[in-house]
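Taking it in order: structure first as structure tokens, then the write-up.
The values are calculated or read from the model by the stated rules, or taken from the named source; none is laboratory data. Computed from a predicted model, the values in this text were never measured in an experiment. Here the Cβ positions follow ideal geometry from the backbone for every residue, glycine too, while neighbour counts run over all protein chains shown.
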Amino acid sequence: MKFICNTRELSTACNNVIRAVSTKVTIPTIEGILIECGSNTLSLTGYDFEFGINTIMNVDVVEPGAIVINAKVLCDIIRKLNNDEVTIETNGTSVSIISGAAQYNITGIDADDYPELPSVNNGKRIELEQSIIYSMINQTVFAVADTESSKPVYTGLKFVIENGMLTMVGVDGYRLAIRKESIGYDGEDIEFVVPKKTIKEIVKLFNLEDDKKISILISKRHIVFEIDNYSIISRLLDGEFIDYQAAIPKVSSTTILINTNDAIDCIERTLPVIENNQKNPIRCLFDGDQMRVSTVSSLGRVVDYTHANTSGDRVEIGFNSKFMLDALHASDTDEVKIELGGPVSPAVIKPINSDSFIFLVLPMRLKNEN
């Protein structure tokens, strides 16, 4: 195998593909990047048996072939080259990398030993605008669980496609985020759960200045996201997901209309004296035309106020400050509506005039301040 290509383009491709290379399983083959040369094209693949990234780029191919090269070694070498072009040539499993005056000779691995990526040839295909899916992910992924301490399926973002509507749902046992968008899809209904790791990686490949659509191919066990010249394949998560529609309270006794940034600023002013979000809740009092926020810890005590339009019952309720801030930061409206059913019911945060997003935050038990 022998090819010549632009150094910067190869470095960018390697740095994207390496994110799918295994860092937990010490198997030399999947610690590497599969390099395959065809007719003036170069394919780079990283895969850890659960998540894979492949990209294809145009290069000057002198001799087709394939090899696996340790991903970290390859990326480090290409990143340090200062010449515009690089030539990579193999002789068996011996790899030569030449760029300007620099010449490296390293050992690769036979490409036949590399695992085959799952096939999704018979999957259902949908296309989405990059800006839409980017916005929807930003407003839901914060609520996806980071660990499998509750249920593994909650470490993924749920997609529901039905009646021309896409719904994304994130949940971690303490909060719930729901985002809806009309996508004009007229195929059969689909629902699936994509691991949080995959979601975070595909966002890094978005080019929001480009109006190209993202193509998504879904099979029973795997999903492929096609973004520009990249293909990202991932397994899907199995398990029974929460009935998110039933989780939303149907009635409320208190409704608050509040400026989103004012609420964020008021809560953030309590952070300097919060030692531990799990042990030091913020105490929110909604009454009349104000929101009173306070907290106390061994570091001290803080009380702050901001304007709010409260209707219904006066209510005092405790929250994890991070969970409330995550929900408010994810709101893309100047004002939000907060609905409360009392001091022990979840807070429902949503736009004033629509239901494009709904965030639920569970309350925390408050102790007497004295």
Given segment 303-348, what strands (runs of 3 or more DSSP E) lie entirely inside it while holding 3 or more residues that are surrounded by 16 or more Cβ atoms within 10 Å (Cβ to Cβ) and not basic (Lys, Arg)? 315-319, 335-340
Pairs with Cβ under 6 Å, 6+ apart, first in segment 282-304 and under 15 Å from residue 267 (Cβ atoms), second assigned to a strand (DSSP E or B) and of a type in the set (Lys, Arg): 285/292; 294/283
Answer yes if at least one residue in segment 230-243 is without any contact (Cβ under 8 Å) to a residue 12 or more places away in the chain and either in a loop (DSSP other than H, G, I, E, B) or in contact with a Gly (Cβ under 7 Å, 6 or more places away or on another chain) (or both), and no otherwise. yes
Of residues in segment 20-38 being of a type in the set (D, E, K, R) and at pLDDT below 95, the one surrounded by the most Cβ atoms within 10 Å (Cβ to Cβ): 31
Residue 125 passes all but one of (1) in a strand (DSSP E or B); (2) touching a Gly at 6+ places or on another chain (Cβ under 9 Å); (3) under 20 Å from residue 358 (Cα atoms); which number fails? (3)
Would you confirm whether any residue within segment 80-98 is of a type outside the set (A, V, I, L, M, F, W, C), surrounded by 19 or more Cβ atoms within 10 Å (Cβ to Cβ) and out of contact with any Gly (no Cβ under 7 Å at 6 or more places or on another chain)? no
Where residues in segment 128-139 are part of a helix (DSSP H, G or I) and not β-branched (Val, Ile, Thr), which of them is surrounded by the fewest Cβ atoms within 10 Å (Cβ to Cβ)? 131
Residue check, residue 11 of a type in the set (Ser, Thr, Tyr), surrounded by fewer than 21 Cβ atoms within 10 Å (Cβ to Cβ) and outside any strand (DSSP E or B): yes
